[in-house]
Each structure stands twice: as structure tokens, then as C-alpha cells.
1. Can you find even one residue in the range A:83-105 that is within 14 Å of another protein chain (Cβ to nearest Cβ) and within 11 Å of DNA strand D (Cβ to nearest atom)?
2. Confirm whether A:ALA154 is at the interface with another protein chain (Cβ under 7 Å from one of its Cβ atoms) and at pLDDT 95 or above.
3. Can you list residue pairs whose Cβ atoms sit under 9 Å apart, with the first residue in the range A:18-36 being assigned by TED's automatic domain parsing to the domain that holds A:ALA56 and among the aliphatic types (A, V, I, L, M) and the second being assigned to a loop (DSSP other than H, G, I, E, B) and at pLDDT 65 or above? Count only pairs 6 or more apart in sequence or on different chains.
4. State whether the residues of the range B:196-205 include one that is at the interface with chain A (Cβ under 8 Å from one of its Cβ atoms) and farther than 23 Å from B:ASP95 by Cβ.
5. Only one of (1) within 19 Å of B:PRO193 (Cα to Cα); (2) more than 7 Å from every other protein chain (Cβ to nearest Cβ) fails for A:SER172. Which number is that?
6. Could you pull out the residue among A:ALA116, A:ALA98 that is assigned by TED's automatic domain parsing to the domain that holds A:VAL150, over 20 Å from A:ARG146 (Cα atoms) and at pLDDT below 95?
7. Considering only residues that are buried (at least 16 other Cβ atoms within 10 Å of the Cβ) and either small (Gly, Ala, Ser) or assigned by TED's automatic domain parsing to the domain that holds A:PHE121 (or both), which ones fall in the range A:45-60?
8. May I ask you to say which residue of B:ALA57, B:ALA122, B:ALA116, B:ALA45 is within 16 Å of DNA strand D (Cβ to nearest atom), under 21 Å from the mean Cα position of the chain (by Cα) and of a type in the set (A, V, I, L, M)?
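The values are calculated or read from the model by the stated rules, or taken from the named source; none is laboratory data. As the structure is a prediction and not an experimental result, all values here were calculated from the model. Please note: Cβ atoms are built from the backbone with ideal geometry, for glycine as well, and neighbour counts cover all protein chains shown.
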Protein chains: 2
Amino acid sequence: MTTSQSGDSPAGSGDAQKKLRPARTNATRQKLFEASMELIGERGAAGVTVDEIATAAGVSKGTVYYNFGSKSDLIAQLLRHGVDILMARLLSVRDDSADPLAAMEEMIGQAMDFMAEYPSFARLWVSENWRTPSEWQDTFAELRGRLLAVIGSAIDGVAAAYPVDPAVSRGSLETAIFGACFVVGLDRQTYNPERTREQSVAAIMASMRGYVVKQPPARA
Amino acid sequence: MTTSQSGDSPAGSGDAQKKLRPARTNATRQKLFEASMELIGERGAAGVTVDEIATAAGVSKGTVYYNFGSKSDLIAQLLRHGVDILMARLLSVRDDSADPLAAMEEMIGQAMDFMAEYPSFARLWVSENWRTPSEWQDTFAELRGRLLAVIGSAIDGVAAAYPVDPAVSRGSLETAIFGACFVVGLDRQTYNPERTREQSVAAIMASMRGYVVKQPPARA
DNA sequence: CTATTTGAACTGACTGGTCAGTTTAGTTAG
DNA sequence: CTAACTAAACTGACCAGTCAGTTCAAATAG
């Protein structure tokens, strides 16, 4: 409220211009994102102090409050940051429409890669996603919607090219696949590091193969 | 550590006798489990105070430390308590061996019922399960193993009765199904209350139908 | 080309408050 | 009679957020 830095604080949550911001700030924010993701993924949002985050980022506590208005804001923007990265990867899958099932498989592979590269983000997501009420409820709802839309359209692609089981609702399937990506990715990193990327993808893809109602272009 | 209540504290984490304990204590512990599950599911283990738990359970703070040695102990035993309930439900599914797929489906249904009845436990589980390092790491590893064993044997039943896709490893499939149960259950409660139990079960069962390698009992 | 100014970015000590866990003396119920 | 529980005060650590002050690069002035 009574924030009064010497200059105008850029902490604005509704940040309009990302690129226009001086280089130093962007670097600082990036460092803060990385440190936060790591620490919060390990010990949970409530279990990490702002001091720790600042120290890990090689920055003073005040800088955190200069760049973000509050711990809560930092986390909200961290969530957006991570989802931006994941979305970019999912959308990088060319929608060949040659084979929607193959596109789906590649997408799941991209998701697995993301989980392997940012396991802390995945932990943060599953830790806070279903809390209710939570400070980030709206943020989660929005981001979840965006991600599910991408998966949903991939499922639609499959449903358009193959006969599918009408007893399986698209929404539930979206959720099951989306959730399985997080959980399988996290389990691999935590309990089964020997599991390969391909095994994990295959296990998740099983639901897609069970969704299409077997027959023509299955193999060969 | 330096715990020393007036009487001999029964807080022992390696509690041998549950039933031998006087009725009052069991009732108190039950109330504390319920209150903890609710609060911790909502705000996370670190976000809830012992005072709050005690108040919600209608009990004094000292009682918490009398029955459990610490907040950490309370949570560890809470995890065991919840898993006991879930295990009992999963094992209640009669292994007809008439149709292993049907048994699997009923098991997933039981899991969905559990998630609907104890959503807070599910939240607690996914919130803390993949943290590393964590005070409950060993507890989680053990409980996870127990649950996966049950699911695994159900999968084995299917694999024994149907031709299955060898490219899908049993372990990854276990994980995917186990995780999907939690995630689909939580998503239903948080974001899609209109989703039916059957839709959710069908979505998760899709992976089992994709696991068996086409043919006889697909469709008329 | 040097001196001065400006203000965004950053610092870190400090404050007010919270919390886990302890202790004690007394009360209740089986 | 004794295990279980209460109530309330206390400790020591910790933490989110604040704010007065510092740094420095770039703009402006001489």
C-alpha cells in the first residue's frame, strides 16, 4: 500500500511491457524466477522465505519487493512464467494432421521433457493447484484452461481421424492425460529415475489407444 | 525430542496397539485426524498451525502434543490413517478373476469414491508426495509402495487374461493410473463438479483398454 | 570532454507479529 | 486412582513487509 521507493516501483502485476524494461531488471527477475521455482518446488510456497529466495538469487530482499509487490505476486507471476514455457513447447508440435495420434504422442513427449527439465515447477503446480480457497485460484483456473485447450484440440484431432469411444468424455480424458503427464513425470524423477522417457510416454499414450475404438490404422 | 508430558505420553510413532488404547484417546485422535486432514488439505502442511488444528478438533493444544509428539508426527500418522482407509477400499474389490478388467474398473471406482469422500487427503497427498527432501519421504515411499502393489496386481490380472502391449511397462502404467485417480478425482471436485463418477472411471479405464492389445471383448 | 543531475534499481537493518513446542498446575472421566 | 485432557502463559526462533539510504548508468549542462 504505502510503497514508496525512490523511483516508481515496476512491481505492477499487470505488467504491460516486458521488453521495454531495462536489461538489469529482466535479468534480476529471471534469477528470481529460477531461484523461486527451485526452492518452492522443494519445500512448498509456504515453506520458503523471501529471504531465502533473495539469497539464492544473489539479490537482496528489498529487490524482491521492488520487482514484485509481494511474495504472493512473485508466485503468481512464476506460475505464468512456467506455463508460458510449457505452452510454447506444446505448441511447437507441428499439427501435421498426417497422423493426429503421432502428434499427440509428440506432445506428451514434449510434456515429459518439460517435467524433466522443470521438475520444481511441476511440484509447485501439483502442490498448489487444487487448494481451495487459495490466493492463486484465479491464476490457476486461467492457466489450467489454456493448457487444457491445447490438449483438447489434440484430442479433437484424434477424434476427427479415428472412430472413438463415445463413452469417454473429452473433458475427463483431457484431465486424465494432463494429470498423468505431471504425475508420471514427477514420479519418474522422484521414485523411478531409471524409467525412460519412452516408457512414460507409452504409458500415457495407452489412454489414447484405448480411446480410439481400434481397427484400421493401428499399426504397420 | 525433549518431549516430557505429565503422564507417559502414548505419542509413540511406532504405535503397536491401537485398539488397546482407552476409548477417549481413540476418539480424540480421530477428531484430530479429521480436523488435520481438512485444514492441511486446504492450506498445506506448512500453512496450518497446531493451534488451529486443536481448535478445529475441539481439543486443547496440549492434547495434540500429548497424543502426538509433534506436528510432524501427527501428519505422518495422518498419512498412514488415510492410506489405511484407501487400501481397505481397494482390497474390498473381490478378485473374481471372472473378468480382471471389470475388477480393475471397480477398483478405480473405489478410488474415485475415496477421492470424493476425502478430497482433503488427496490434496495433502499430491501436495507433499513429491517433495524432496521432506520429513515424510520414507513414509511416502512405504505407503506409495503398498498402494502400487495393489494396483500392480490388478494389472497383472489383466495381463494374465488378455494379450497386452509389451511396449507398455507395468510400472509406468501403475504410476499413470494411480496418479490419474488422484488428479481426476481432485479436478472433478475443484473444477468440474458436474462430471460423473462414471465419466471419470471411463477416462482412466481408457488406459487399460489401450493396454490390452485389441481383439475379443472390444465391442459386439 | 567533464561536471552535475536524475531516478530506476538495489540494499539490508528493522519492526511487528506469528508459531512450534514447552511447562505447569489443575480438572475430568474411565 | 490414574491416564487423558485443559488452559494459559512462556520461550526462542523466524518471517513478511517496510523504509531510509546507496549505487550507477544515462541524460543534461557547461
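1. Going residue by residue through the range A:83-105, those that are within 14 Å of another protein chain (Cβ to nearest Cβ) are A:101, A:104-105.
The next check asks that each one be within 11 Å of DNA strand D (Cβ to nearest atom); those that pass are none.
No, the range A:83-105 has no match at all.
2. Against the criterion (at the interface with another protein chain (Cβ under 7 Å from one of its Cβ atoms) and at pLDDT 95 or above), A:ALA154 does not qualify.
3. Close Cβ pairs satisfying both conditions: A:LEU32/A:ALA57; A:LEU32/A:VAL59; A:LEU32/A:PHE68; A:ALA35/A:ALA57; A:ALA35/A:GLY58; A:ALA35/A:VAL59.
4. So far as the range B:196-205 goes, yes, one or more of its residues are at the interface with chain A (Cβ under 8 Å from one of its Cβ atoms) and farther than 23 Å from B:ASP95 by Cβ.
5. Going through the list (1) within 19 Å of B:PRO193 (Cα to Cα); (2) more than 7 Å from every other protein chain (Cβ to nearest Cβ), A:SER172 breaks only (2).
6. Sole residue among the options that is assigned by TED's automatic domain parsing to the domain that holds A:VAL150, over 20 Å from A:ARG146 (Cα atoms) and at pLDDT below 95: A:ALA98.
7. Residues satisfying the conditions are A:ALA45, A:ALA46, A:GLY47, A:ALA54, A:ALA56, A:ALA57.
8. Every option except B:ALA45 fails the conditions.
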